[in-house]
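The values are calculated or read from the model by the stated rules, or taken from the named source; none is laboratory data. No experiment lies behind these values; they were computed from the predicted model shown. For neighbour counting, all protein chains shown are included, and Cβ atoms are generated from backbone atoms with ideal geometry for every residue, glycine included.
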Amino acid sequence: MEQLKNKAQEVNHPGADMSNRQWVGDPNELQTGEEALKAALDHVAKPLYVVDHHGQQAICQNGGLQWGRRSGPDTMGLPLLGFVPPLHPSDLGDISFKRDLGLTYAYIVGAMANGITSVEMVTAAGKAGTVGFIGAGGLSLEQIETAIDRLEPHQRQFPMGFNLIHSPNDFSLEMNTVKLYLRRRIRLVSASAYLGLTLPLVYYRVKGIHQDTEGRIICPNRVIAKVSRQEVARKFFAPPPQKLLDRLVQDDLITANEAQLAIHIPMAQDITAEADSGGHTDNRPALSLLPTFLSLRDEAANQYGFSVPLRVGLAGGIATPDAAAAAFAMGAAYILTGSINQAAVEADTSDRVREMLMQAQQADVTMAPAADMFELGAKVQVLKRGTMFAMRAAKLYEVYRSHANYEEIPAAARQVIERDLLRTSFENAWDQTRKYFEVRDPHQIERADANPKHKMALVFRSYLGQSSLWAKTGLKDRIIDYQIWCGPAMGAFNAWVKGSHLEDKAQRLTGSMAMNLIYGAARTLRCQWLRIQGVPLPNALAASKPLKLEEIKRRIDMSEIRPTNA
């Protein structure tokens with residue numbers, strides 16, 4: 001505290017003239033000491049003044065600023081050492097993004113496949129003033145429609161969305177999912193794992209596009225694309241490709257007028273720059289990825305002159321208030337969380353998985369072959385602590401790449417695969433796989449009958465696909481084969497919440513976790529603004545620690561905050 005007391009005798013930075021800034025208010029309201037400073041930092045929705053009062057640092061959240069020297073008793077003030085304006089958590093992010101989606105906070109609960117981002121999680125996210133996306137990847141059409149039925153009564157209460165995942169090996173599934181979304185009037189999707197634009201995705205985006213009475217183009221279906229590659233981001237920030245529009249017209253899926261209007265809109269108004277994350281990822285560093293995408297945004301805006309603003313959010317590694325604050329400070333329109341939500345109470349996964357995630361540290365993740373893009377060599381990031389999935393999946397891909405058919409594999413290797421991974425003979429595994437594709441996609445069976453290498457791939461993919469379901473259902477005798485999508489953010493979150501109520505898995509509620517990050521980000525930014533002005537803050541005061549939701553509400557007075565579009 002002695003360091004703080006001496007602050008009045010210092011300058012904020014070289015060349016600063018402290019006499020030009022004064023605080024004007026009631027001196028009786030000034031408080032001193034670390035507790036007063038901490039309380040002022042905690043109440044982020046109020047301004048914070050750091051004042052020189054008789055050579056001692058004092059704190060106040062009332063009063064006003066006076067710039068420049070003025071004469072007269074009515075304008076006398078005290079020297080101002082530092083000032084930060086109110087920063088309510090609802091102020092963070094792009095105001096147009098929050099307005100367009102009807103959000104209070106610029107925060108997305110990302111889609112985790114197999115329905116792990118559940119109806120309960122999307123509901124909790126919506127009630128907290130954020131938005132969640134059902135993890136539709138890996139679900140059947142019947143399961144997706146059941147989720148739509150369960151959420152339909154809440155559609156007017158809060159925003160919600162569904163995932164649309166690229167299915168390079170199953171065109172019909174992707175198209176039928178889009179047709180379901182259009183039929184059920186799902187107006188918001190998160191497009192993920194796309195390597196390029198597809199016919200179903202373009203169909204979803206442009207169907208129903210029209211002009212209002214004033215000639216403005218209205219596009220009812222919104223796409224938020226999750227992307228990690230520049231070349232893919234460029235495609236989403238551009239109008240739909242003409243060749244795909246022409247094909248949709250030829251197939252009588254859209255009208256010629258819809259195709260003509262579509263060339264004036266971006267495929268996605270919002271792109272989430274996906275840094276090092278769980279699941280499908282290119283392990284991009286956020287500090288370089290986000291600025292690159294912001295440049296692409298400006299380039300596309302200049303090139304196409306869209307009537308709507310283009311926006312970039314950030315995902316990957318967002319698990320602490322510091323990370324969230326950094327994202328907003330760099331210009332992110334919103335933030336998206338993923339890995340940490342898998343440990344939430346509302347996540348549709350097993351308690352065993354939650355317990356494994358709670359033990360994870362940042363280095364406890366690795367890359368493994370992806371089930372949906374196995375033949376392409378694509379990978380997903382998974383938890384490696386407590387499971388051998390990544391090692392076993394990598395072995396299967398190595399075997400697949402090196403052999404034209406299963407019979408070519410050396411006998412010893414086949415024995416290990418059948419005993420430890422398939423736990424049955426290859427032919428029995430194929431019979432089970434065949435039954436699955438008879439319902440899901442019979443074309444795959446035709447390809448397998450004609451190409452033994454594809455048959456081998458389908459069987460190996462069945463192990464990869466089931467491994468995530470074993471984890472979700474908590475199958476005890478398959479723990480060593482659990483595929484748990486996870487990025488280093490999980491380890492960062494665990495380190496941050498250690499010793500707090502959020503260390504308890506029963507307390508990890510979606511809304512509480514989201515509010516801790518968004519409130520903590522606002523508090524962290526205000527601390528940084530004070531430090532930039534030269535006001536020294538002890539680390540213990542600046543640290544944003546996890547709080548119970550009731551305490552956060554008390555500090556920010558949520559009763560006065562309404563959704564941006566209200």
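Scanning the range 262-316 for residues being out of contact with any strand residue (DSSP E or B) (no Cβ under 8 Å at 6 or more places or on another chain) and aromatic (F, W, Y) gives a total of 2. For the range 178-188, the count of residues that are of a type outside the set (F, W, Y) and within 30 Å of P291 (Cβ to Cβ) is nonzero. Exactly one residue among I217, I209, I186, I224 is modelled with pLDDT of 95 or more, of a type outside the set (D, E, K, R) and touching a Cys at 6+ places or on another chain (Cβ under 7 Å), and that residue is I209. Of the strands (runs of 3 or more DSSP E) lying entirely inside the range 24-123, the ones with 2 or more residues being modelled with pLDDT under 90 are found at 64-67. State whether one or more residues within the range 495-505 are without any contact (Cβ under 8 Å) to a residue 24 or more places away in the chain, at negative phi and not in a loop (DSSP other than H, G, I, E, B). No, the range 495-505 has no match at all. When restricted to residues that are of a type in the set (F, W, Y) and buried (at least 24 other Cβ atoms within 10 Å of the Cβ), the range 114-161 contains 1.
Scanning the range 176-201 for residues that are under 23 Å from the mean Cα position of the chain (by Cα) and in a loop (DSSP other than H, G, I, E, B) yields a count of 8.
Quick one: which residue in R150, R185 is farther than 18 Å from S118 by Cα, of a type outside the set (S, T, N, Q) and either in contact (Cβ under 8 Å) with a residue 60 or more places away in the chain or out of contact with any Leu (no Cβ under 9 Å at 6 or more places or on another chain) (or both)? Explain how you work it out, then say what you get.
Details: R150 fails: farther than 18 Å from S118 by Cα.
R185 is the lone residue from the list that is farther than 18 Å from S118 by Cα, of a type outside the set (S, T, N, Q) and either in contact (Cβ under 8 Å) with a residue 60 or more places away in the chain or out of contact with any Leu (no Cβ under 9 Å at 6 or more places or on another chain) (or both).
Only one entry of Y49, Y107 meets the criterion of being among the hydroxyl-bearing types (S, T, Y) and touching a residue at least 40 places away in the same chain (Cβ under 8 Å), and that entry is Y107. Tell me which residues, restricted to the range 223-245, are without any contact (Cβ under 8 Å) to a residue 40 or more places away in the chain and either among the polar types (S, T, N, Q) or touching a helix residue (DSSP H, G or I) at 6+ places or on another chain (Cβ under 7 Å) (or both). Listed by number, the list holds a single entry, Q242.
Within the range 297-315, can you find the residues that are closer than 21 Å to L101 by Cβ and out of contact with any Leu (no Cβ under 8 Å at 6 or more places or on another chain)? Give the derivation first.
Going through the range 297-315, the residues closer than 21 Å to L101 by Cβ turn out to be 297, 300-301, 306-315.
Scanning the range 297-315 gives F306, S307, V308, P309, L310, R311.
Criterion applied to D449, D431 was being free of Cβ contacts under 8 Å to residues at least 12 places away in the same chain and over 25 Å from L141 (Cα atoms), and the one residue passing it is D449. Does S500 fit the bill of being out of contact with any helix residue (DSSP H, G or I) (no Cβ under 7 Å at 6 or more places or on another chain) and under 30 Å from R419 (Cβ atoms)? Here the answer is no, as S500 does not meet what is asked.
Restricting attention to the range 318-346, the residues that are surrounded by 24 or more Cβ atoms within 10 Å (Cβ to Cβ) and in a loop (DSSP other than H, G, I, E, B) total 7. Out of V345, V382, V439, I need the residue that is in the same structural domain as Q466 (by TED's automatic domain parsing), within 29 Å of G161 (Cα to Cα) and within 31 Å of the chain's Cα centre (by Cα). Which one? Every option except V382 fails the conditions.
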